[in-house]
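The values are calculated or read from the model by the stated rules, or taken from the named source; none is laboratory data. Note that the structure is predicted; figures quoted are calculated from it, not measured. Glycine gets a Cβ as well: all are built from the backbone with ideal geometry, and neighbour counts include every protein chain shown.
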């Protein structure tokens, strides 16, 4: 259960009247979110089903792009969503773990996590992958590892052999009768376009991780193998999806996209069917799997007025950063005897920063554009530019086991 008691102290840095406004605002958002989760997602059970998910929580939470940091209330909304799952894979957790630890404290003591170290290299963005799970329902069975390709299986981009941009992560878990190997990815994106080298690398990464996990699944028939994450798959008829499907993975196909405009199918939950252990629970309910659009409940378009001051603060911070950069560059320009080439580069950068400041001030003064910025950009750094995917699986195999015993299939002679 979410640590709602923290709401009493969450806004104490503000004046009393502001505290009251923020508290009520957050409570209203949580109530809408709770009602939406109850209506859209399956009801969790004690031992019959497993509610499993995946979520790319955008750039959580180093504010490298200057659109944050996340508000105090945001941590409660994120915690509400995470606590709705028995186990959820998460991507884009950043190097500084303090915000993540704060989030976990808000999710509550019933939940635990396993998370990787940061991925080194420009393409990896120093991100982490991990799993958050409810210890009352799921337990980690002791095996964890990053998926590293053998040299002869590494991804080729003609000039060199590569590992994954962000190393996939895999752990073993059990819930009731259900033993499963849970792997998560954040596939390289690069540039769009079916013929670009970056797109080909994206397809190659999906192909490599699917091949890797599929081989493990064929060697281990006793454990279910589930592969989830941000695959950067545009659509189900795209080469990126084909790279996943050709290795035998079945996908819980959602009708709605998982990006913030729900036009792309970047995120996927897939499994290897050989073990015969992965099956939808309550498929007839119509909500055994799907996408949870969090913006139906919090940071809605109609909430722009509530968050307008925070949006303006974000733009003001960007302006201050640009002014600080101009001041730093101006020192090079003003240094007697400075290298002429360096001075010219500094002047060009100053001009670029001045254009940025002018654009930000123009945005602040244009209310319709400001509202558009809030919807398309700012709020995605509060919640995410991805929505969580969920699936409900059967985990009670007692009836089948008892039938085998009755038929004498497991009699020891």
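Here's the yes/no breakdown for (1) without any contact (Cβ under 8 Å) to a residue 12 or more places away in the chain; (2) in contact with a helix residue (DSSP H, G or I) (Cβ under 9 Å, 6 or more places away or on another chain); (3) not in a loop (DSSP other than H, G, I, E, B):
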site: 233; (1), (2), (3): no, yes, no
site: 241; (1), (2), (3): no, yes, yes
site: 244; (1), (2), (3): no, yes, yes
site: 256; (1), (2), (3): no, no, no
site: 263; (1), (2), (3): yes, no, no
site: 290; (1), (2), (3): no, yes, yes
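Which residues, counting only those in segment 115-138, are over 25 Å from residue 63 (Cβ atoms) and touching a strand residue (DSSP E or B) at 6+ places or on another chain (Cβ under 6 Å)?
Applying the first criterion (over 25 Å from residue 63 (Cβ atoms)) to segment 115-138 yields 133-138.
Those that are over 25 Å from residue 63 (Cβ atoms) and touching a strand residue (DSSP E or B) at 6+ places or on another chain (Cβ under 6 Å): 133, 134, 135, 137, 138.
When you scan segment 113-124, do you find a residue that is farther than 30 Å from residue 74 by Cα and modelled with pLDDT under 90, even just one? No, segment 113-124 contains no residue that is farther than 30 Å from residue 74 by Cα and modelled with pLDDT under 90.
In this structure, is residue 202 without any contact (Cβ under 8 Å) to a residue 60 or more places away in the chain, in the same structural domain as residue 58 (by TED's automatic domain parsing), in a helix (DSSP H, G or I) and over 21 Å from the mean Cα position of the chain (by Cα)? Considered against the rule, which asks whether it is without any contact (Cβ under 8 Å) to a residue 60 or more places away in the chain, in the same structural domain as residue 58 (by TED's automatic domain parsing), in a helix (DSSP H, G or I) and over 21 Å from the mean Cα position of the chain (by Cα), residue 202 comes out as no.
Kindly evaluate residue 280 against the criterion of being crowded, with 19+ Cβ neighbours inside 10 Å and either assigned by TED's automatic domain parsing to the domain that holds residue 226 or touching a residue at least 60 places away in the same chain (Cβ under 8 Å) (or both). Steps first, please.
Values: crowded, with 19+ Cβ neighbours inside 10 Å: no; either assigned by TED's automatic domain parsing to the domain that holds residue 226 or touching a residue at least 60 places away in the same chain (Cβ under 8 Å) (or both): yes.
The answer is no for residue 280.
Restricting to segment 215-234, count the residues that are out of contact with any strand residue (DSSP E or B) (no Cβ under 8 Å at 6 or more places or on another chain) and either modelled with pLDDT of 85 or more or closer than 16 Å to residue 391 by Cβ (or both).
Here is the first cut: in segment 215-234, the ones out of contact with any strand residue (DSSP E or B) (no Cβ under 8 Å at 6 or more places or on another chain) are 215, 218-219, 221, 232, 234.
Add one more test, that the residue is either modelled with pLDDT of 85 or more or closer than 16 Å to residue 391 by Cβ (or both), and what stays is 215, 218-219, 232.
Residues flagged as out of contact with any strand residue (DSSP E or B) (no Cβ under 8 Å at 6 or more places or on another chain) and either modelled with pLDDT of 85 or more or closer than 16 Å to residue 391 by Cβ (or both) within segment 215-234 amount to 4.
Filtering segment 5-31 to residues that are in a helix (DSSP H, G or I) and surrounded by fewer than 15 Cβ atoms within 10 Å (Cβ to Cβ) leaves 5, 8, 16, 17, 18, 20, 21, 24, 27, 28, 31.
Could you please let me know if residue 81 is under 17 Å from the mean Cα position of the chain (by Cα) and in a loop (DSSP other than H, G, I, E, B)? No; evaluated as a whole, the condition is false for this residue.
Scanning segment 350-384 for residues that are surrounded by 19 or more Cβ atoms within 10 Å (Cβ to Cβ) and assigned to a loop (DSSP other than H, G, I, E, B) returns 382, 383, 384. Considering segment 333-349, and only residues there that are exposed (fewer than 12 other Cβ atoms within 10 Å of the Cβ) and either outside the structural domain of residue 321 (by TED's automatic domain parsing) or outside any helix (DSSP H, G or I) (or both), the residue that is nearest to the chain's Cα centre (by Cα) turns out to be 339. The test for being out of contact with any helix residue (DSSP H, G or I) (no Cβ under 7 Å at 6 or more places or on another chain) and assigned by TED's automatic domain parsing to the domain that holds residue 231 holds for residue 24.
Condition first: over 26 Å from residue 70 (Cβ atoms), over 37 Å from the mean Cα position of the chain (by Cα) and part of a helix (DSSP H, G or I). Can you find one or more residues in segment 311-330 that meet it?
Yes; the residues of segment 311-330 include at least one that is over 26 Å from residue 70 (Cβ atoms), over 37 Å from the mean Cα position of the chain (by Cα) and part of a helix (DSSP H, G or I).
Every listed requirement among (1) under 19 Å from residue 271 (Cα atoms); (2) under 20 Å from the mean Cα position of the chain (by Cα) is met by residue 119 save one, (1).
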